[in-house]
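For reference, the structure discussed in these notes is given below.
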Amino acid sequence: EQAFRFFFFLLLTLCSIDTSAQVCRLLGQPVLPLLSAQKDVNIGAVLSFHRSALLKMHTFTSKPEPTICGSFNLRGFKFAQTLIFAIEEINNSTHLLPGVSLGYNIYDSCSSIAQTILSSMSLMNGYKQTLSDTSCSRPPAVYAIIGESNSSPTIALASVVGPFSIPVISHFATCACLSNRKRYPSFFRTIPSDYYQSRALAQLVKHFGWTWVGTVRSRGDYGNNGIAAFEEAANQEGVCIEYSEAILSTDPKEQFLKTLEVIKKGTARVVVAFVALGDFVPLLKVMVQHNITGLQWVGSESWITSRTLAETKEYSFLSGALGFAIANAKLMGLREFLVNVHPDQEPNNEILKEFWETTFQCSFRTTGSGACTGSEKLAELQNEFTDVSELRIANKVYTAVYAVAHTLHNVLKDLKSSTNSSTKEQPTPQKMLAYMRDVRFTVKTGEEIFFDASGDPVARYDLVNWQPAGNVGLQFEHVGVYDSSLSSEQRLRVNQERVLWARNTGQLPVSVCSESCPPGTRKAVLKGQPICCYDCIPYSNDCFPCDLEYWSNESKDKCVLKVVEFLSYTEIMGKVLCIFSFFGVLLTTIIYFLFYLHKETPIVRANNSELSFLLLFSLSLCFLCSLTFIGRPTEWSCMLRHTAFGITFVLCISCVLGKTIVVLMAFRATLPGSNVMKWFGPFQQRLSVVSLTLIQVIICVLWLTISPPFPYMNLSYYREKIILECNLGSAVGFWAVLGYTGLLSILCFVLAFFARKLPDNFNEAKFITFSMLIFCAVWLTFIPAYVSSPGKFTVAVQIFAILASSFGLLFCIFIPKCYIILLKPDKNTKKQMIGKSS
């Protein structure tokens, strides 16, 4: 706010108004771009060519002197050259903006808010010394502005330009506050918001178990907003902040010493530094003087990929530092472009001379040994400007230029295709702003670029680790990624084996306020301290009960989840039952094929071979239905297991009952004058099987409709574990299914018992009697065993009853026939079958 007041007061003092001509004449010197090239359409940029501006107190009684900027910024100059490289690449393209050439006006903000505002006004209005009443009606000098690198100047830039709907695209301003569309309606950026980085840092700290950390931040929009978001996310993750210090590059040395003293006295071994690079360097210099080492640094993207810091040997104590950085990229042809920069390209350009003097530590103003000759070679130099191995932020400048170019391309394309040809409409900043909200394209690095409703891109970060690199200081090792587009559990991925920690060790540092309490003790939070700080005191009698799904551990100091028990396929009992079930199916199949191969023999044809084959099929289903009782109970498996059991067994008993009745009828039919078989022929036999089975189907349908079985967690049987079982839903339905099956079994047993002594050589009734005797015995003993068996043994008892009764029917009815077929073929004749026993 003070900067805006100063600026508008300054504007009044710098203009004199000629009322007769309605002309505003600038009294001071106009702000000129340091690099410019005028073309068909021009792009503006505000970058930090210098790290600081010499601020003077203005008396407002005389004309202010021009701002003096100091400490040349190679990084900012590299951003400017990357911008020019991208523009020249677009101008040489035949696909993007054909027939239209882009120009540029690049201003120096000197990392100053006031200078950024002056530059933004010059970009909107131009830099002429006189402004008339027609100046406001002409098109703006630029259609979009790229910049600034820091958040605070960018906030000023977006605030001034926003009301005029000129798009502002930043490559490095990460303050989450800039996502506020009401305050900054024309702001976009190609770098993710600090909102995501702060949450990523909190998740990273939690991932390594660091619950006690200190924080250092820049005293500005970048640091204040970033660390506030970090503290909020850290609180949600259960991480506590021991101290929070704020620094600024313009602070006196005493302030940095005070911050250093806080860090030294702190017990946290991990320091999260959400600091701008320019603010961090003075603190590091003080730390070098006092030999502060052994801290585990966690950094923000502003400094975590700075080659200047990494290659300075005095800062080797930063080895092991971790932080999130923008994904790296390769820009083909950029290094060749950078090393060709030379003052001779624009002999009158002072910024090129200053760059040359800073790079080669020489001067164009002197002669002799320290003079610049112009023959120096950038290609032979390896510094922050010529290094293209780390183009994380430079790539965002490149992307920002292409975002403007693609937006302008879409605007011109639509204007060209407009049906209104009477007036040639020109692009406007308002159209650029509207089209930029929907722009979507892919740069040659393969990255897809688009903006969300807040003007932000998708947040993707590389996790980098500072590791020794011999004589060149430290290098950046890629050890993980963070992707905000994934689920919260998958966003952070860390390759911990590749991480090197502070003091160049492979041992994970420990940073906690209090160690974990030993068994038999509990946490007692200290008054006035964060929740991470506590005493461990022995347990008293004031124990609290665990929730129903939990149980106390052996030390009685923590509630742990109870073991969930059910009959599983993986345990021994489940495997054994499965083997018996599959053995039953295999044996039934073998007998089926044996009968099929001998289907024309008397032993098979006797007593309705069709019922025999149907009985074998139903027995296979009985063996298979036992498998539905094994495994984790679900809603579908609970309904299937009981209904499949009831229907398959009734089908089986119906077939046995039909065969028993056939035996009785066949004996009656041999009596003189008897025609009873016509009342129970093959059709009637099939009908009886279908009718008896249909009754069971109806019972099952009614059961499933009214109150079906469902999975149920039985918490009352055992205190230390949960029994996962199938609740019957309706006990009446279950016992109706079981009772109907029992009724048919008893009826079949009684009929077979009466027919057991009929005088045939091969009387099947006596084998049916034995089978039904076994069947009824099994299921009569099942009832008390089922009621009294606990947990998974209840299911095992039911499976055992199914398998035992199925094997009883299979062995008693079919094994005697198989014996005759295979071992006594001489008895497999019609004469033997119908002969009377003596």
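Grab the beta carbon distance between F710 and R440, set R0 = 56 Å, and tell me the FRET efficiency rounded to 0.05. The value I calculate is 0.70. Each of the peptides 553-566, 220-233, 310-323, 285-298 was scored by the mean count of other Cβ atoms within 10 Å over its residues; in descending order, highest first, they stand as 220-233, 310-323, 285-298, 553-566. Under Stokes-Einstein, with the Kirkwood radius over Cα pairs as Rh, the value for the range 768-826 at 37 °C and 0.692 mPa s is 258 µm²/s.
For the range 341-354, the Karplus equation 6.51 cos²θ - 1.76 cosθ + 1.60, evaluated at θ = phi - 60°, returns couplings of 5, 8, x, 5, 4, 9, x, 8, 8, 6, 5, 5, 5, 5 Hz by residue, with Gly and Pro reported as x.
Annotation: extensible slack from F360 through K527 equals 54.2 nm (criterion: 0.36 nm per residue apart, minus Cα-Cα distance).
With R₀ fixed at 45 Å, the C-beta to C-beta distance from V690 to D547 puts the FRET efficiency at about 0.30.
Close amide H contacts of V272 (hydrogens built in the peptide plane, cut-off under 5 Å, sequence separation of 5 or more or a different chain): G214, T215, V216, V298.
Amide H contacts under 5 Å for G729: F710, restricted to partners 5 or more places along the chain or on a different chain, H placed in the peptide plane at 1.01 Å from N. Separation of the range 711-749 from the range 35-75 is 85 Å, based on Cα centroids.
The range 521-561 has equivalent-ellipsoid semi-axes of 23, 12, 9 Å, by the square roots of 5 times the alpha carbon gyration tensor eigenvalues, sorted largest first. For Kirkwood radius over Cα pairs in Å, the value calculated from this model appears in (1) 27.9; (2) 35.0; (3) 32.8 under label (2). Taking 0.36 nm per residue of separation and subtracting the Cα-Cα distance, full extension of the segment from T570 to A777 would add 71.5 nm. Backbone phi angles across the range 712-729, fed through the Karplus curve with coefficients 6.51, -1.76 and 1.60 (θ = phi - 60°), yield HN-Hα couplings of 9, 9, 7, 9, 9, 6, 10, 7, 9, 8, 9, 8, 8, 9, 9, 6, 5, x Hz in residue order; Gly and Pro are listed as x. For the range 521-561, the share of accessible area belonging to carbon and sulfur comes to 56 percent (1.4 Å probe, ligands and nucleic acids excluded). Peptides 706-714, 37-45 ordered by packing proxy, namely the average of other Cβ atoms within 10 Å per residue, highest first: 37-45, 706-714. Pairs exceeding a 28 Å alpha-carbon distance, out of K265/K285; K575/K817; K766/K792; K78/K206; K285/K330: K575/K817; K766/K792; K78/K206; K285/K330.
In whole percent, and with a 1.4 Å probe on the protein chains, what portion of the accessible area of the range 179-279 is carbon and sulfur? Percent of accessible area from carbon and sulfur atoms in the range 179-279: 47.
Can you tell me how much longer the chain between H58 and D535 gets when fully stretched, taken as 0.36 nm per residue apart minus their C-alpha distance, in nm with one decimal?
Here the segment from H58 to D535 would lengthen by 166.0 nm.
Using the Cβ-Cβ distance between S71 and K377 with R0 set to 30 Å, the FRET efficiency from 1/(1 + (r/R0)^6) comes to roughly 0.75. State the answer as a single residue: which of V239, V411, Y107 lies farthest towards the positive end of the charge dipole of the chain, with beta carbon charges of +1 for Lys and Arg and -1 for Asp and Glu, about the Cα centre. Of the candidates, V239 comes out farthest on the positive side. Here the Karplus relation 6.51 cos²θ - 1.76 cosθ + 1.60, evaluated at θ = phi - 60°, turns the backbone of the range 398-404 into coupling constants of 4, 5, 5, 5, 5, 4, 5 Hz, with x for every Gly and Pro.
The values are calculated or read from the model by the stated rules, or taken from the named source; none is laboratory data. Model, not experiment: these values are computed from the prediction. Here the Cβ is made from the backbone with ideal geometry for all residues, glycine too, and neighbour counts use every protein chain on show. Ligands, DNA and RNA are excluded from the accessible area calculation, which covers all protein heavy atoms including side chains. Shrake-Rupley method; radii C 1.70, N 1.55, O 1.52, S 1.80 Å.
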